[in-house]
Structures are given as C-alpha cells and as structure tokens.
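Some notes on the structure that comes next.
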Amino acid sequence: MARGSAADSFGARTRKAVHRVRTGLRRSAVDYFRGGGSDRLALAGLLLTVPALVWGTVTNPVWCSPVALVLPIVAGGLVLRPASLLGLYAAAAAGLIVESTVLGPYTEGPARVTPGTVLTVAACGFFGLLIAQFRARVGVPWRRGGTMLFDLRERIRVQSALPRLPQAWHREMALRPAGGQSFSGDFVVAARTNGGRTLEIVLTDVSGKGMDAASRALLLSGAFGGLLGSLPPHGFLPAANGYLLRQDWDEGFATSIHLVLDLDSGDYELLSAGHLPALQLHAGTGRWEEKAAEGPLLGVYDGAQFDPVKGSLRPGDVLMLFTDGLVEASGRDIAEGIDRLTGEADRYVAAGFEGAAWHLIEAVAKDVNDDRALLLLCRQG
C-alpha cells in the first residue's frame with residue numbers, strides 16, 4: 001500500500017509539474033504575442049543566426065553573401081525593443097569585421113565585404129531602429145498591432161449591424177470605404193427602443209474620407225451608439241452636436257440623418273443635420289419622393305435646432321438613406337446623381353430589394369474615391 005501510495009503521489013506531483021510548465025509556456029506565448037512579454041528569447045535566436053551567417057559567408061561566400069546579415073537585422077526591427085536591437089546591431093557589426101578580416105580586402109576579388117555591403121546593412125539597421133522606436137513610443141508592438149486593427153474593424157462592423165426586425169420588414173446596409181480601405185468615415189448606429197416597437201437608425205458622414213476620417217468616425221460611432229436610445233428621439237442630434245463641439249477638432253463637422261420608425265404603424269420621423277434627403281418609394285405610384293428635413297451640420301455652432309419631417313411606410317414602400325459619395329461627383333449636380341441612383345433602384349422594384357444595397361453602390365459609385373454608405377428599409381407587402 002505504501003509503495004502504491006508513493007507511486008500515486010509521485011505521478012500526481014509529476015502531472016502538476018507538467019501542468020505548471022505548460023501553463024507558464026502558454027502564458028508566456030500569449031504575453032509575447034500581445035507585446036507584454038520579454039524579447040530575450042527572440043534576441044537570443046537572432047543573435048545565434050549572426051555567427052551562423054558569418055560561418056556560411058566565410059566557408060562559401062558565393063552562396064552566402066556578406067549582405068545576408070540584413071536578414072536578422074530586418075527581423076529584429078520587427079520583433080525587438082530598441083535596447084535589444086542595439087545589441088543585435090553590435091553583433092552584426094562584429095560579424096562584418098570578422099568576414100572582412102577572413103575574406104580579405106574587397107579589391108582582391110568578388111564575394112567580399114564591400115563598402116556597399118556596409119552601407120546596405122547600416123541602412124537596414126537605421127530603418128529598423130526607427131520602426132522599433134515608433135512602436136515603443138506608440139506602445140503597440142507589431143505582434144499586437146495587426147490584431148488590434150482587425151479587432152477595431154470587427155467592432156465597427158458589429159456596431160453598425162442593423163437589429164433584427166419583424167417579418168414584415170426587410171433591412172440591409174452596404175458600406176464601401178474610399179480606396180478599398182477597411183475603415184470609413186461613414187458609419188451607422190441603430191437600436192430598437194420603446195420596448196422594441198420603435199427602430200432608430202442614425203447614418204453619419206464624418207468630414208474627410210478613408211483613414212483620415214476613420215479615427216474620428218470610430219470615436220463618434222461609440223459616442224452616438226451610447227446616446228441613441230438613452231435620449232428622446234428629438235434630443236439625439238442636439239446632444240450629438242454638443243459632443244462634436246466639445247471635441248474642438250480642426251475639421252470636426254459631420255452630417256447625420258436620424259430615422260425614428262414605428263414598426264407597428266409604419267409612421268416615421270426624419271431629423272437631419274445637413275445630410276442629404278432620404279428617398280421613399282411609394283408602391284402605389286412607383287415614384288420616388290425626397291424626404292428632406294431641416295438642420296445645420298453637426299459641430300458648427302451651439303444651440304442648433306433640427307426640425308423633423310414626417311412620413312409613413314405602407315406595404316411595398318421602400319426608404320433609402322445614403323451618403324454623398326453615391327450621388328456627388330465633380331462636374332455633376334447632386335440632383336443628377338440622385339436621379340441616377342433612383343433609376344438604378346427602379347430595376348429592383350419588381351424583383352424585390354434583397355441584396356440590392358451592394359449592387360446599387362457598384363452600379364452608381366463603384367470607382368468613386370469617397371466613402372459610400374447605403375441603407376435600405378422595406379416594408380413588405
């Protein structure tokens with residue numbers, strides 16, 4: 001019994017030790033990926049490549065050129081901190097000295113350490129150090145930087161998702177940033193309020209385009225998402241206007257349109273802050289009507305008033321909200337762009353508007369160097 005108990009105790013201790021080691025390695029790997037771990041392991045690995053490359057150059061300089069020392073330097077610029085990077089540079093400089101001494105002067109034959117080799121290695125080291133210092137100043141290592149951008153993009157996408165609606169309604173949205181980028185100055189926030197009976201949607205176009213406006217759009221989308229549903233519908237745009245004014249941005253204005261829709265009756269109100277009018281398709285007549293509310297740009301002056309315009313969506317009607325990237329172009333009036341948009345939208349009246357948002361952007365503003373957003377809301381017959 002004693003031997004069995006001792007064996008069980010030894011096995012339990014072994015399993016616990018293995019578990020602790022495995023947990024420690026996993027945490028270290030996670031910390032390293034996030035940028036919070038030590039870079040000593042990476043530094044040691046890169047330092048070992050320097051003598052390996054020096055040996056390869058000395059034994060076979062034709063296949064392993066002296067300029068191969070830029071490889072650990074480039075890798076170090078991506079993974080090491082500035083202090084560790086200087087140690088790697090010192091090792092690479094020592095490797096160049098050894099190669100030059102063993103191979104002899106570059107004037108005596110090819111495949112030797114030339115002044116061009118030294119300049120190339122030094123230039124790569126200089127730019128690698130600049131990159132490492134920039135990462136250290138920003139506080140986002142490269143291992144985590146790409147993941148953070150991906151997370152931000154996904155959060156914007158999820159935040160812009162429209163809530164699920166009753167079966168009698170169809171909604172969809174398409175967003176195309178300028179230049180094919182992942183971040184846009186156009187964004188949407190939406191929520192169902194009043195116990196789910198009311199749908200509130202805010203479509204905003206921040207001044208600028210692409211990455212220039214994306215940082216402001218990211219901040220505003222979070223703020224607008226918090227305001228939406230927390231205030232009475234008529235209080236949203238004044239609160240948003242005050243928020244922009246408090247930011248005191250050099251280029252801080254934005255246009256916005258706020259839809260407040262009763263999902264039971266189809267009655268709605270539109271409030272606009274310098275935004276383009278919405279378009280409503282009346283199923284009875286087959287014609288599009290502009291629904292233009294009055295209101296100044298957001299972030300221009302305090303105490304602005306926003307007067308609503310009312311309407312009603314009957315079975316078969318469609319309401320379309322969009323940003324100026326779809327209808328505005330140099331040398332063309334906005335009215336012409338709206339006519340072109342409604343003309344393309346007429347193609348979907350008979351078959352239905354499911355999947356139409358993306359195709360409409362492709363049809364009217366495929367190659368426009370501006371952010372484009374289109375939202376369709378249909379009350380099915």
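The values are calculated or read from the model by the stated rules, or taken from the named source; none is laboratory data. Since the structure is predicted, the reported quantities are computational estimates derived from the model, not experimental observations. Positions of Cβ are generated from backbone atoms using ideal geometry, with glycine treated the same way; all protein chains shown enter the neighbour counts. Calculation scope for accessible area: heavy atoms of the full protein, side chains included, ligands and nucleic acids excluded. Shrake-Rupley method; radii C 1.70, N 1.55, O 1.52, S 1.80 Å.
Tell me whether region 337-346 contains one or more residues that are over 21 Å from ASP367 (Cβ atoms) and at pLDDT 95 or above.
Of all residues in region 337-346, those over 21 Å from ASP367 (Cβ atoms) come to 346.
Those still in the list that are at pLDDT 95 or above too: none.
No: zero hits.
Do we find that GLU290 is more than 25 Å from PHE224 (Cβ to Cβ) and out of contact with any Ser or Thr (no Cβ under 9 Å at 6 or more places or on another chain) in this structure?
Judged against the criteria, GLU290 is not a match.
Specify the residue that is most open to solvent (accessible area, probe 1.4 Å); the eligible residues are those in region 338-381 that are without any contact (Cβ under 8 Å) to a residue 40 or more places away in the chain and under 21 Å from SER184 (Cα atoms).
Per the stated criteria, the residue is ASP367.
Scan region 321-337 for residues that are assigned to a loop (DSSP other than H, G, I, E, B), surrounded by fewer than 19 Cβ atoms within 10 Å (Cβ to Cβ) and touching a Gly at 6+ places or on another chain (Cβ under 9 Å) and jot them down. Spell out how you get there, then give the answer.
So the first thing to find is which residues in region 321-337 are assigned to a loop (DSSP other than H, G, I, E, B), and the list is 323, 327-328, 330-331, 333.
Imposing the further condition that a residue be surrounded by fewer than 19 Cβ atoms within 10 Å (Cβ to Cβ) reduces the set to 328, 330-331, 333.
Of everything in region 321-337, just one residue is assigned to a loop (DSSP other than H, G, I, E, B), surrounded by fewer than 19 Cβ atoms within 10 Å (Cβ to Cβ) and touching a Gly at 6+ places or on another chain (Cβ under 9 Å), namely GLU328.
Any idea which of ARG216, ARG246 is of a type in the set (Lys, Arg) and closer than 24 Å to ARG372 by Cβ?
Values: ARG246 fails: closer than 24 Å to ARG372 by Cβ.
The unique qualifying residue is ARG216.
Within region 69-99, how many residues are crowded, with 18+ Cβ neighbours inside 10 Å and either under 35 Å from the mean Cα position of the chain (by Cα) or hydrophobic (A, V, I, L, M, F, W, C) (or both)? Walk me through it before giving the result.
Initial filter on region 69-99 (crowded, with 18+ Cβ neighbours inside 10 Å): 69-70, 72-73, 76-77, 79-81, 84-85, 88-89, 91-92, 95-96, 99.
Among the residues that remain, those that are also either under 35 Å from the mean Cα position of the chain (by Cα) or hydrophobic (A, V, I, L, M, F, W, C) (or both) are: 69-70, 72-73, 76-77, 79-81, 84-85, 88-89, 91-92, 96.
Number of matching residues: 16.
For region 289-306, name all the residues that are among the aromatic types (Phe, Trp, Tyr) and open to solvent by less than 60 Å² (accessible area, probe 1.4 Å).
PHE306 - this is the single residue of region 289-306 that is among the aromatic types (Phe, Trp, Tyr) and open to solvent by less than 60 Å² (accessible area, probe 1.4 Å).
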